[in-house]
Amino acid sequence: MKILVTGSSGHLGEALVRTLRKDGNDVTGLDIRKSAFTTTLASVTDTKVVAECMRGVQIVYHAATLHKPHVATHTMQDFIDTNVSGTLALLEAASANGVKSFVFTSTTSVFGDSLRPPPGKPAAWITEEVTPIPKNIYGVTKTVAEDLCRLFHRNQGLKCIILRTSRFFPEEDDDKLKRDQFDQDNAKANEFLFRRVELEDVVSAHIAAAKRAPELGCRSYIISASSPFLPADLTALNTDAPSVVRRRFPGYEEVYGRFGWKMFDSIDRVYVNTAARRDLGWQPKYDFEHILESMKSGKFPRSTISEQVGSKGYHDRVFRQGPYPVIE
């Protein structure tokens, strides 16, 4: 099968190309950066190149994007060019070439201020029904790109699945306070309770979405690790998260204690992946229980594909204040 992967030199793009080629597919990788997984060196905004890459393609995985770490280093116009105009170029070419499935990698960042309940209020229960309220240009442009996908489905009949992925990057957290207070693996383990997903599971979600797109048409799904929490936990989560985790996992403190780890004092949102598991037949492997079981043997669990892809960073330079500058 002929497949196009954009952003093929990035975390997800490389992981997709590796997996798809291993399965015997003819994969074209499009990116502005050279790598062993990029066959065409160009921007998604280059309509001529995009049209050439799209010939004969049956499935498009559109993972190329400017991310949140770029908000402080790139202009708003840069975000519009890459995240909006680039997506438009791909959708037009995909529609013109009869692509069967178009999978757009979006982000839970589109929810923005919907994720921040006032102090003392219950944590946010985030499903596909929650209205996005983007809080920066990254979230705005990803939301617009999602709307373009829906437009091309309605008007051109293009089968588009939108996947709002939670955190899967291996880099350090952008929150300096969290970096100072928590070991990297400790923070990531905590996040598997509510806002993180393993790269292998993101890849399997994309492949499942491409298979189901012809039947589903155009829908959006949250892609995050399965959370153990229930709506009844939300009030306590935002005020005393350790007590809720203790109730769900009575032995977690013993495991954490071996490594000097601790739980976050509060958890302000829970991403719910029920719809993706139901509609896509997606079966994520990595969750907090899996993390705990692996840590009992002394090793933080990472998938083979995560180990192969490794850490890439988001910039070509190092910043004094952390792994990358942040503007909220």
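A few points about this structure:
- Scanning region 61-109 for residues that are surrounded by 23 or more Cβ atoms within 10 Å (Cβ to Cβ), over 26 Å from Ile126 (Cβ atoms) and touching a His at 6+ places or on another chain (Cβ under 7 Å) turns up just one, Leu90.
- If you check Lys135, Lys142 for being assigned to a loop (DSSP other than H, G, I, E, B) and touching a helix residue (DSSP H, G or I) at 6+ places or on another chain (Cβ under 9 Å), only one passes: Lys135.
- Cβ-Cβ distances below 6 Å connect the following pairs, each with a first residue in region 67-96 that is small (Gly, Ala, Ser), a second residue that is in a helix (DSSP H, G or I), and a separation of six or more residues or different chains: Ala89/Thr47; Ala89/Val50; Ala93/Val50; Ala93/Ala51; Ala93/Met54; Ser95/Phe152; Ser95/Gln156.
- Residues in region 137-151 that are surrounded by 22 or more Cβ atoms within 10 Å (Cβ to Cβ) and not β-branched (Val, Ile, Thr): Tyr138, Gly139, Lys142, Ala145, Cys149.
- Scanning region 158-173 for residues that are of a type outside the set (Gly, Ala, Ser) and closer than 16 Å to Thr108 by Cβ turns up Ile161, Ile162, Leu163, Arg164, Thr165, Arg167, Phe168, Phe169, Asp173.
- Filtering region 116-133 to residues that are of a type outside the set (Ser, Thr, Tyr), closer than 21 Å to Thr165 by Cα and over 16 Å from the mean Cα position of the chain (by Cα) leaves Arg116, Pro117, Ala123, Ala124, Trp125, Glu129, Val130, Ile133.
- Region 165-224 holds helices (runs of 4 or more DSSP H) entirely within its bounds, and those carrying 1 or more residues that are touching a helix residue (DSSP H, G or I) at 6+ places or on another chain (Cβ under 8 Å), at pLDDT 95 or above and over 26 Å from Lys22 (Cα atoms) map to 184-191, 199-216.
- Residue that is in contact with a helix residue (DSSP H, G or I) (Cβ under 9 Å, 6 or more places away or on another chain), under 30 Å from Arg212 (Cβ atoms), touching a residue at least 40 places away in the same chain (Cβ under 8 Å) and not in a helix (DSSP H, G or I), where the choices are Lys285, Lys262: Lys285
- Within region 163-191, residues that are under 16 Å from Phe288 (Cβ atoms) have Cβ atoms under 9 Å from residues that are polar (S, T, N, Q) and assigned to a helix (DSSP H, G or I) in these pairs: Ser166/Thr108; Arg167/Thr108; Phe168/Ser306; Phe182/Asn190; Ala187/Gln181, counting only partners at least 6 apart in sequence or on another chain.
- In region 152-164, the residues that are out of contact with any helix residue (DSSP H, G or I) (no Cβ under 6 Å at 6 or more places or on another chain), surrounded by fewer than 16 Cβ atoms within 10 Å (Cβ to Cβ) and under 20 Å from Ile59 (Cβ atoms): Gly157
- Selection within region 116-131 - in contact with a helix residue (DSSP H, G or I) (Cβ under 8 Å, 6 or more places away or on another chain), surrounded by fewer than 21 Cβ atoms within 10 Å (Cβ to Cβ) and farther than 16 Å from Ala236 by Cα: Thr127, Glu128, Val130, Thr131
- In region 119-162, residue farthest from Gln77 (Cα to Cα) [restricted to those that are touching a residue at least 40 places away in the same chain (Cβ under 8 Å) and of a type in the set (Asp, Glu)]: Glu128
The values are calculated or read from the model by the stated rules, or taken from the named source; none is laboratory data. Just so it is clear, the structure is predicted and the values come from calculations on it, not from any experiment. Here Cβ is always computed from backbone atoms with ideal geometry, including for glycine, and neighbour counts include all displayed protein chains.
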